[in-house]
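Since every read-out is calculated from the coordinates, none of them should be taken as a lab result. Being a predicted model, the structure only gives us computed values, none of them experimental. When we count neighbours, we look across all protein chains shown, and the Cβ atoms used for this are built from the backbone with ideal geometry, even at glycine.
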Amino acid sequence: MENLTSVTKHIDFDAAHVLPEGYNGKCRNLHGHTYKAYVTLTGPRDSSEFGMVVDFKLLKEAMKEVLPDHMFLCYVGDKKNLDYKEVADRYENKVMLFEEPTTAEYMVHVFAELIENYLHNELNVSKKVQLTKMVLYETADSYATVEKDYEEVEEENSNYEQLSLFDEKEVL
């Protein structure tokens, strides 16, 4: 296993949500939170990147792109949520759709997957850099955490290997 280092970035964002019909607590009413998101990436320090695991600006960009700042978080399986979505749409408010109720426990998994995919697919961050932890605070003292183990990945293909494969196809 390579010598691994973890880095963490924190961002706040504001969003509104409502828990679905049948929930009897205060969160059955439309309300908002200032969420706090902490994302931890783990990977080897890259000598070509000045010894960084990842440039913090790339992690910040991914978080800002994915996290739903000033949006309504809508669970599509609930009539009350869909009614609020209609109002939000009418007034051109931004809405992010979810397949399950918008609890911190569910959303932390969704956001973690979206952020990691954005880093790899949109920002071309090495697959050796992996999201290993995300903490999502809904309030100052209530939060959900998702953690996963770092998984070794093979060295990414170099241009030479890609050219070699192309040349072999041409010969056939």
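Quick notes
- Remark: spin-label model distance residue 61-residue 94 equals 1.7 nm, labels positioned 7 Å along the Cα→Cβ axis.
- Computed log₁₀ I(q)/I(0) - Debye formula, equal Cα scatterers, no solvent, segment 46-105, q 0.26 Å⁻¹: -1.05
- Between helix 159-171 and the chain: long-axis angle, C-alpha atoms, 0 to 90°, nearest 10: 70 degrees
- Per-selection Kirkwood Rh - segment 1-92 (Cα, Å, 1 d.p.): 15.9 Å
- Mean projected area of the Cα convex hull of segment 15-147, taken over all directions, amounts to 8.8 nm².
- Using R0 = 30 Å, the C-beta based FRET efficiency linking residue 127 and residue 23 works out to 0.15.
- Exceeding the 27 Å Cα-Cα cut-off - candidates 9/79; 26/79; 9/94; 94/128; 64/85: 9/79; 94/128
- Computed from label points 7 Å out along Cα-Cβ, the spacing between residue 31 and residue 141 is 1.5 nm.
- Extension gain for the segment residue 86 to residue 48, taken as residue separation times 0.36 nm less the Cα-Cα distance, is 8.8 nm to one decimal.
- The orientation-averaged projection of the convex hull spanning the C-alpha atoms of segment 1-44 amounts to 4.9 square nanometres.
- Choice from 153, 135, 95 showing the highest fluctuation, given a GNM over the chain with Cα pairs closer than 10 Å: 153
- Choice from 138, 151, 49 showing the highest fluctuation, given a GNM over the chain with Cα pairs closer than 10 Å: 49
- Point-charge dipole on Cβ atoms (K/R +1, D/E -1) for the chain, about Cα centre, debye to 20: 940 debye
- Simple label model, 7 Å out from Cα along Cβ direction - residue 148 to residue 106, nm: 2.0 nm
- Relative to the longest principal axis of the Cα atoms of the chain, helix 104-121 runs at roughly 30 degrees.
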